[in-house]
Amino acid sequence: MDEKKYWVGFNLIKGIGAVRMLGLVTYFGDLESAWGADPTSLAEAGLGVKLVERVMAARKNVDLDQVWEKIESQGIKILTWQDEAYPTRLKEIDQPPPVMYIRGEYLQDDLFAVAIVGTRRITPYGRQVTEELAAFLGSNGITVISGLARGVDAIAHHAALKAGGRTIGILGSGVDKIYPPEHQKLAEQMIERGAIISDYVPGTPPDASNFPPRNRIISGLSLAVVVIEAGETSGALITAGFAAEQGREIFSVPGSIFAPQSKGTNKLIQNGALPLLSVNDLMQALDFNRIGEHKTARKILPTDETEARLLNILSNESMHVDEIRNQAELPIEKVSATLALMELKGMVRQLGGMNYVAVREAQSDYKT
């Protein structure tokens, strides 16, 4: 059974978030040990009396094997801090979510992402801006991130998909509890061409208190946040606040001083957000015009220690796979599979007869 079930177990316990989860991992070394620990050890790891009681109750009442089987049967993927595929940009924020539940796929190309957020009570002006911006980003290989809510969020997701792009929705509920319910079909389309993500355990209902905290993930996964329209108390302003704390660029679409939907966006500009007057403002500020170069450069970097080892062995002189295996001191199956993947990435080239050379643009300075 996957050790991740213990991450899910602690994620089920109210009051155990990023700080306490880190404390448990640091103290016990892994969460399997923490799940089976005695109350004294849990207290020494930093849990208070009530939290220790909750852990004891969860251990007694929750069948983790059953929970895990249900998650797997729903096709839900789980990423924790310890996973290499955990979004690197999200790791940068204060107290990143220890566990992420995903339906669909989070890809490395999704590092090139922009959040589009705004009011549920969108005007025709806001709709036009949202559609044009999301379509432009989607058609240019930039992932659109939003919250699957009514109004700006849904329009942004729809427009990105229609343009052939990728889009990701961050939920304030479990990924098996789509809210609002009329967005079920949209969510299914996003799972096919992007993902829906939550840090709430599957089965969690869309409680109002869940939505403000999830906004930190919307901004955390993005290079920039664009606020289309927002009233003075809009949740989009919460996302902008998280973006400011996280050092993300904030763009705001100016609007009429008489329109209630523009009071929040105009205030953001007054407080230092960049006014979005055209999509070029965003592209230039984030250097998105070089996105193709960025993606190509990233793809030829070794992604793990095996790739780095093979790249250090190879040169512009042809080398047979058996010699590569001998020098790498790895099983032939692992060497062959890794070389096949590296060839797809353009890191190595096969000359025929299982002879390989390195592509010199690939860099071998993998950091462990």
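All of the numbers you see were taken from the coordinates with simple rules; none came from a lab. In this text, all values refer to a predicted model and were calculated from it rather than measured experimentally. Neighbour counts run over all protein chains shown; Cβ positions are idealised from the backbone, glycine included.
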| request: Kindly rank 54-64, 143-153 from highest to lowest mean number of other beta carbons found within 10 Å of each residue. | output: 143-153, 54-64
| field | Charge dipole of the chain about the Cα centre (unit charges at C-beta), most positive-ward option of 258, 204, 225 | value | 258
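If we sort 224-230, 332-338, 22-28 on the protection proxy, mean other Cβ atoms within 10 Å, highest first, what's the order? Could you put the intermediate results ahead of the total?
Working: 224-230: 28.9, 332-338: 15.3, 22-28: 16.9.
So the peptides 224-230, 332-338, 22-28, ranked by packing, come out 224-230, 22-28, 332-338.
Give me the dipole magnitude in Debye, nearest 20, for the chain about the Cα centre, with unit charges on the beta carbon: positive for Lys and Arg, negative for Asp and Glu. The partial results should precede the final answer.
Values: 38 positive and 45 negative charges, 239 e Å.
Here the size comes out at about 1140 debye.
Could you tell me which trypsin sites (Lys or Arg not before Pro) in segment 1-40 are loop residues by DSSP with no more than 10 other beta carbons within 10 angstrom of their beta carbon? The partial results should precede the final answer.
Values: sites: 4, 5, 14, 20; in loops: 14.
Qualifying residues, ordered by number: 14.
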| field | Alpha-carbon centroid distance for the pair segment 1-73 / segment 164-233, whole angstrom | value | 26
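If you count the DSSP beta bridges with both ends in the chain, what percent of them are antiparallel, to the nearest 5? Present the calculation step by step, with values, prior to reporting the outcome.
Details: 14 of 34 bridges.
In the chain, approximately 40 percent of DSSP beta bridges are antiparallel ones.
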| Once the Cβ-Cβ distance between residue 209 and residue 341 is put in as r, and R0 is 41 Å, what FRET efficiency do you end up with, to the nearest 0.05? | 0.40
| query | Is there a pair in 5/162; 77/345; 60/177 whose C-alpha atoms are over 31 Å apart, and which pairs would that be? | reply | 5/162
| message | For a bin width of 10 Å, list the pair-distance distribution of the chain built from all Cα-Cα distances, rounded to whole %. | response | 5, 21, 26, 23, 17, 7, 1, 0
| field | Kirkwood-Stokes translational diffusion coefficient of segment 103-293, alpha-carbon pairs, 20 °C, 1.002 mPa s, µm²/s | value | 133
| field | Dipole-positive endmost among 241, 191, 119 within the chain (Cβ charges, Cα centre) | value | 119
| remark: Contact order relative to length for the chain, counting C-alpha pairs under 8 Å separated by 6 or more residues, stands in percent at 12
| query | Which loop-located chymotrypsin sites (Phe, Trp or Tyr not before Pro) does segment 178-265 contain, where loop means any DSSP state but H, G, I, E or B and the Cβ has at most 10 other Cβ atoms within 10 Å? | reply | 258
